[in-house]
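Down below is the structure, laid out as structure tokens.
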Amino acid sequence: MISPLLSPLLIPFIVALFLAINMGGSGTGPSFSVAYGCNLIKHKYIPGLFGLMVFAGAIIAGRETANTVGNELIDPSYMTLVLTTIILISVALALLVANLAGIPQSTSQATIFAVAAPSLCYGSLNTHKLFVEIVPTWLVLPVISLLLSYLAGRFIYMPLRRRGYTISKKFNSNPVVLSLIVLMSLYVAFSIGANNVANAAGPIASMTANELGVTGDDGMLLIVIISVLVVAPGFGIGSSLFGHKVVRNTGKEIVLFGRIEAVIIAFISATLLLLASVIRGIPSSLVQLNVAAILGIGVAKLGFRNIFRKTEVNRFFAMWIISPLIAFVLALALTLIALRTGLV
């Protein structure tokens with residue numbers, strides 16, 4: 001039988017797993033869209049590879065971001081069973097809307113908005129962390145991703161294209177080139193683990209520490225690891241359920257990828273996300289970094305006006321605004337209901 005002390009924790013953990021499933025669906029696109037767009041990896045192999053690398057990234061490099069989500073935006077003492085469940089289910093439902101629409105969404109932005117809502121209700125929102133560190137990072141990193149990708153496209157890809165390398169069958173079928181593309185996809189999945197697993201693991205780790213009365217770095221580290229062990233497998237499940245539609249949208253319908261573009265896109269977006277994770281512990285959007293890199297390559301190849309005529313790009317921008325707002329409104333409404341009914 002489950003201990004009476006642990007049984008109440010099941011509900012938020014189950015909700016966290018549900019959120020992880022949705023994150024897995026959303027994160028599959030930016031992780032494997034480049035390899036899938038180049039027809040290097042069959043869809044049936046993607047969920048397993050994705051889940052494995054997400055888990056590795058979360059264990060090795062995900063602690064700082066988990067601490068930001070679970071402890072630095074809101075006073076950790078407020079992370080009760082009810083409030084944690086409200087935050088997680090708000091994010092999960094917002095991402096579910098995006099997944100059903102086949103649009104890769106920013107898990108981090110939806111999570112931050114969901115945490116901000118109850119923080120405002122309690123008057124404990126860390127405005128410095130949110131507005132001085134997190135929001136500027138959200139604004140700057142995609143711009144950097146687009147510019148770096150554009151420069152790489154203009155000064156690396158286009159010269160190679162003019163010399164005929166990009167259409168050379170021998171070059172494009174070179175095992176080193178193909179292996180590098182697959183490695184870049186795994187690298188992106190690793191970066192997702194380092195950053196995005198925290199969106200579910202951070203809140204439940206803080207909640208568990210509160211409920212069990214755990215203090216100290218060693219005890220908290222163990223709880224974070226356990227939280228990751230619960231959350232990470234959900235990414236693979238979500239990839240199986242939702243990944244194909246998301247990968248198809250990002251990999252096939254934005255721009256036709258070549259081998260060299262695939263490496264540029266994956267390397268730039270994953271590196272920026274990993275740096276945000278390990279240097280500052282900032283929850284960031286790999287989805288937006290990835291699409292920005294895609295657009296940068298697209299502008300270098302097709303021109304600014306042509307790439308922004310793509311209908312999928314317009315849909316992405318709209319959903320990126322709608323989904324975090326859904327998470328915020330849901331979390332705010334549910335928190336107010338919980339306060340009025342005495343649940344928190």
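Tabulated data
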{"read-out": "Bins of 10 Å, starting at 0 and running to the largest distance - Cα pair percent for region 81-214", "value": "10, 26, 29, 18, 11, 5, 0"}
{"read-out": "222 nm mean residue ellipticity, helices alone, for the chain (DSSP H n ≥ 4; -39,500 (n - 2.57); rounded to 500)", "value": "-24500 deg cm²/dmol"}
{"read-out": "Computed over region 19-121, Kirkwood Rh from alpha-carbon pairs, angstrom", "value": "15.1 Å"}
{"read-out": "Cα lying deepest toward the dipole's positive end in the chain, options Gly123, Val344, Ala56, charges on Cβ", "value": "Ala56"}
{"read-out": "Computed log₁₀ I(q)/I(0) - Debye formula, equal Cα scatterers, no solvent, region 7-339, q 0.08, 0.09, 0.12, 0.14 Å⁻¹", "value": "-0.34, -0.43, -0.75, -0.99"}
{"read-out": "Additional length obtainable on full extension of the chain from Ile225 to Ile321, 0.36 nm per residue less Cα span", "value": "31.4 nm"}
{"read-out": "Longest segment of the chain lacking trypsin sites (Lys or Arg not before Pro) that sit in a DSSP loop with at most 11 other Cβ atoms within 10 Å", "value": "164-308"}
{"read-out": "Charge dipole magnitude, Cβ of K and R +1, D and E -1 - region 7-339, Cα centre, debye nearest 20", "value": "1980 debye"}
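The numbers here are math on the coordinates, done by the rules we state, and not lab data. Remember, it's a predicted structure, so these values are computed and weren't measured experimentally. So basically every Cβ, Gly included, is an ideal-geometry build from the backbone, and we count neighbours across all protein chains shown.
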